[in-house]
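Undergrad: I have a structure I would like to understand better, so I am pasting it below and will then ask my questions one at a time.
Computed from the coordinates by the stated procedures, all read-outs in this text should not be read as laboratory data. These numbers come from a predicted model, not from an experiment. Cβ atoms come from the backbone with ideal geometry, glycine included; neighbour counts cover every protein chain shown.
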Amino acid sequence: MEDGTFKSPGDCGDTDPDLYAVHWDARNDCEVRQILDRVADKWSLLVIALLEERTLRFSELKYKIDGVSQRMLSRTLRQLERDGLVERTVYPTVPPRVDYALTPLGASLHTTIKALVTWTEAHQNQIAAARDNYDRQQALAESGALPVALAH
């Protein structure tokens, strides 16, 4: 294998062990990127947050997550189960009862998600002000009152 090449297409390891900054490969086939894409999507974040509180049935999750379709919730739960973050338990009743719960791995991810939510809550006013400022500049640029170059 040539210096500077990855061991396999999915291996995103650093080629220089002395790199100080930790980063991940931005390629689509990078496993770290794939995991981040999965756990950072809005439906996964909401499912993980809700399951931190207690075990829930599918219908309870669907009721609590405003705007999620049955198909998207099913897909999200399957993916989280595949990644080892959610555990699915089927009870042999009529009709079958299925419960979803966080695994220890999923619970450890919830800690990180909670930190992100805390950061967002602490900075939401600054972000709202920045958005308002940006939108005002864009509106002025579109109306011709401000040169487009100054809007950015």
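Undergrad: Obtain the nm distance between the two label points defined at Ser108 and Tyr91 by a simple spin-label model: each point lies 7 Å from its Cα along the Cα-to-C-beta direction.
TA: Roughly 3.0 nm, to one decimal.
Undergrad: Right, another one. Please give the contour-minus-distance gain from Leu50 to Ala122: 0.36 nm per residue of separation, less the Cα-Cα distance, rounded to one decimal in nm.
TA: Details: separation 72, 0.36 × 72 = 25.92 nm, distance 2.11 nm.
Extra length from Leu50 to Ala122 when fully extended: 23.8 nm.
Undergrad: Given labels modelled 7 Å from the Cα in the Cβ direction, how far is it in nm from Ser59 to Ser74?
TA: 1.6 nm
Undergrad: So, one more: Which FRET efficiency, nearest 0.05, do Arg38 and Ala130 yield, Cβ-Cβ r, R0 22 Å? Before the final figure, lay out the partial values.
TA: Values: r = 28 Å, r/R0 = 1.29.
Calculated value: 0.20.
Undergrad: Can you list the equivalent-ellipsoid semi-axes of the stretch 72-144, largest first and in whole Å, using the square root of 5 times each Cα gyration tensor eigenvalue? Working shown, then result.
TA: On the way: eigenvalues 362, 60, 19 Å².
One finds semi-axes of 43, 17, 10 Å for the stretch 72-144.
Undergrad: Assuming R0 = 22 Å, can you tell me the calculated FRET efficiency for the pair Glu31 and Ala101, based on Cβ-Cβ distance, to the nearest 0.05?
TA: Details: r = 25 Å, r/R0 = 1.14.
After rounding to 0.05, the efficiency reads 0.30.
Undergrad: If you count, for each residue, the other Cβ atoms within 10 Å and average over each peptide, how do 132-139, 118-125 line up from highest to lowest?
TA: Details: 132-139: 11.9, 118-125: 9.8.
Put in order of decreasing packing, that is 132-139, 118-125.
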